[in-house]
1. From the residues in segment 54-84 that are under 16 Å from residue 23 (Cα atoms) and part of a helix (DSSP H, G or I), which one is least open to solvent (accessible area, probe 1.4 Å)?
2. Among (1) at pLDDT below 90; (2) open to solvent by 50 Å² or more (accessible area, probe 1.4 Å); (3) outside any helix (DSSP H, G or I); (4) not hydroxyl-bearing (Ser, Thr, Tyr), which single condition is residue 5 missing?
3. Does any residue in segment 92-103 that is within 10 Å of residue 6 (Cα to Cα) come within less than 8 Å, Cβ to Cβ, of a residue that is modelled with pLDDT under 90 and open to solvent by less than 40 Å² (accessible area, probe 1.4 Å) six or more places away or on a different chain, and which pairs are these?
4. Of everything in segment 34-51 that's at pLDDT 90 or above and in contact with a Leu (Cβ under 9 Å, 6 or more places away or on another chain), which residue is surrounded by the most Cβ atoms within 10 Å (Cβ to Cβ)?
Amino acid sequence: MQLTRLMETYSKVLDWAGARVEVHGIVADLRQVQPGCLFVAIPGTGVDDCSMITEALKGGAVAIAGERPAEELNDLPWGDFTYVQVQDATAAWFHLRDSWGWLCRIGAVPG
C-alpha cells in the first residue's frame, strides 16, 4: 500500500520528509520489523528515538512515523527512508494499525 494512502487516514501528521513509498506492513516493535514496513517509533523511558529508528532501518523499514521533528534526528541515512512526524506516536500507532486492518478487510490492500 502506498504510505500516502495509509497516512491520509490519520489527521495529525505534522510533517513529511522523503519519497512516497510502498509499505507492506506496520509495526511498533523492533523485533517485528521486516523489509518494506512502516515502523512507528513510540518513545519510552530511557529509549532514544534515533537508535530505535536506526535499528528499524537496519531491519528493512522503509518508513518511520515518530514525534520528533526530522531536523532533530541526527546521524540517520536521510534519503534512504521516509519520515512522517506525527503529533502522538502512540495514538498514531493505534489508529494506523486499525486503519491497516480495515483497509485489508475491504480489499484495499492485500492481507
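The values are calculated or read from the model by the stated rules, or taken from the named source; none is laboratory data. These figures come from a predicted structure and were not determined experimentally. Here Cβ is always computed from backbone atoms with ideal geometry, including for glycine, and neighbour counts include all displayed protein chains. All accessible areas refer to the heavy atoms of the entire protein, side chains included, with ligands and DNA or RNA removed. Shrake-Rupley method; radii C 1.70, N 1.55, O 1.52, S 1.80 Å.
1. The qualifying residue least open to solvent (accessible area, probe 1.4 Å) is 56.
2. Every listed condition holds for residue 5 apart from (3).
3. 96/6; 99/6; 100/1; 100/6; 100/109; 103/1; 103/6; 103/109
4. Step by step, filter segment 34-51, then rank; the result is 39.
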